[in-house]
Amino acid sequence: MSAINVGIIGASGYTGLELVKLILNHPNFKLTYIANSEGGLNVDELHPSLSGVLELEVQKADALTCSKKCELVFLALPHKTAMAFVKPLLEYGVKVVDLSADYRLPLDIYEEYYCEHTDKQNLSHVAYGLPEMFKNDIKKAKLVANPGCFPTSAVLGVLPFLEKRIENTPIIIDAKTGVSGAGKKLSEVTHFVNVNDNLFAYNPLMHRHAPEIANKLGIDMDYINFVPHLCPLTRGMISSIYLQVEDNFDAYEMLKEFYKDEKFVRVSDKPVDMKNVAGTNFCDIYVKQKKGLLFISSSIDNLMRGASSQAVVNANLMMGLCEDAGIPNIAYVP
């Protein structure tokens, strides 16, 4: 088949760089447009690691210009900024994978945790980009909301056991992530001196990914107890999940059966770690039973499965390709 022209708006950050790398190695996608808020430089000036690999001008982001060069575009932009591009891109006939939070949630929940929404009409026909839950919707969609990194890890861990959960019991999610999840912009929290040799929780029980987890699992927000921690790591994410369950069942066999047809979920009989998923789209999951308690450990690469590689999987499905086209499956080990 002929190459599919794709673009990236928001190429300056870590997820933008990961998207560039994935598209350059994709058998069907051709990168024809790359943009940020300013433009006026070459991509290897933006990301020196691409020197000698890619020569492409970084343009000032413009929906009309993008539409003339692309069939599909990835938006690696902050919330609020992204929705300003989605509406005109869809009107120009361009398919969109949005990596921001702008289309992940119903209007009332979004505006409670983020800001006023300026593109309410497109909220009604967006697909949530977690293929294990919404693959058929993604295949038909023109707009896909790529999930948050924490919700990806948490939802995939909890989902197989929802029917076994004791009603009205808390779900505890103790999650840890690398610093790249905070983006390139420096802050006091992510300053080297603060992060190095350190570990701490942030926004405990109040993080805005909690309502996304609750919404996708169909559980009242009051029962989601989500506490993220920042670790002195570049990339990686692991969620330790505690779930109260009823009935006698084999949780490991149930987990294997639930994900037996999914290419990007690996069920492990040993506790999982971050290193073995680094640089891949895999989510590794482990479960341990102790009477009525389940311990679930779910690990992903926050920049890949938590953002860029999942976005490319969604784009593959939207464009009628195999979902694993161009997706790396060998981890950064050692």
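The values are calculated or read from the model by the stated rules, or taken from the named source; none is laboratory data. Computed from a predicted model, the values in this text were never measured in an experiment. All Cβ positions, glycine included, derive from the backbone under ideal geometry; neighbour counts span all protein chains shown.
Per the listing LYS256, LYS270, the residue uniquely part of a helix (DSSP H, G or I) and either over 14 Å from VAL158 (Cβ atoms) or not aliphatic (A, V, I, L, M) (or both) is LYS256. Cβ-Cβ distances below 8 Å connect the following pairs, each with a first residue in region 102-128 that is closer than 15 Å to LYS142 by Cα and modelled with pLDDT of 95 or more, a second residue that is surrounded by fewer than 13 Cβ atoms within 10 Å (Cβ to Cβ) and among the basic types (Lys, Arg), and a separation of six or more residues or different chains: ALA127/LYS140. For region 83-101, the candidate set comprises residues that are touching a residue at least 60 places away in the same chain (Cβ under 8 Å) and not in a loop (DSSP other than H, G, I, E, B); within that set, the residue that is surrounded by the fewest Cβ atoms within 10 Å (Cβ to Cβ) is LYS95. Apart from one condition, LYS142 fits all of (1) outside the structural domain of VAL73 (by TED's automatic domain parsing); (2) touching a Lys or Arg at 6+ places or on another chain (Cβ under 6 Å); (3) among the charged types (D, E, K, R); the exception is (1). Inspect region 217-231 for any residue being small (Gly, Ala, Ser), more than 17 Å from the chain's Cα centre (by Cα) and loosely packed, with under 14 Cβ neighbours inside 10 Å and give the result as yes or no. Taking every residue of region 217-231 in turn, at least one turns out to be small (Gly, Ala, Ser), more than 17 Å from the chain's Cα centre (by Cα) and loosely packed, with under 14 Cβ neighbours inside 10 Å.
If I filter region 291-312 for residues that are in contact (Cβ under 8 Å) with a residue 40 or more places away in the chain, assigned to a strand (DSSP E or B), farther than 29 Å from SER2 by Cα and touching an Asp or Glu at 6+ places or on another chain (Cβ under 7 Å), do I get at least one hit? Yes, there is a match, as at least one residue in region 291-312 is in contact (Cβ under 8 Å) with a residue 40 or more places away in the chain, assigned to a strand (DSSP E or B), farther than 29 Å from SER2 by Cα and touching an Asp or Glu at 6+ places or on another chain (Cβ under 7 Å).
The residues listed here are ALA61, ALA11, ALA76; of these, the one that is out of contact with any helix residue (DSSP H, G or I) (no Cβ under 6 Å at 6 or more places or on another chain), modelled with pLDDT of 95 or more and either surrounded by fewer than 19 Cβ atoms within 10 Å (Cβ to Cβ) or under 29 Å from ARG208 (Cα atoms) (or both) is ALA61.
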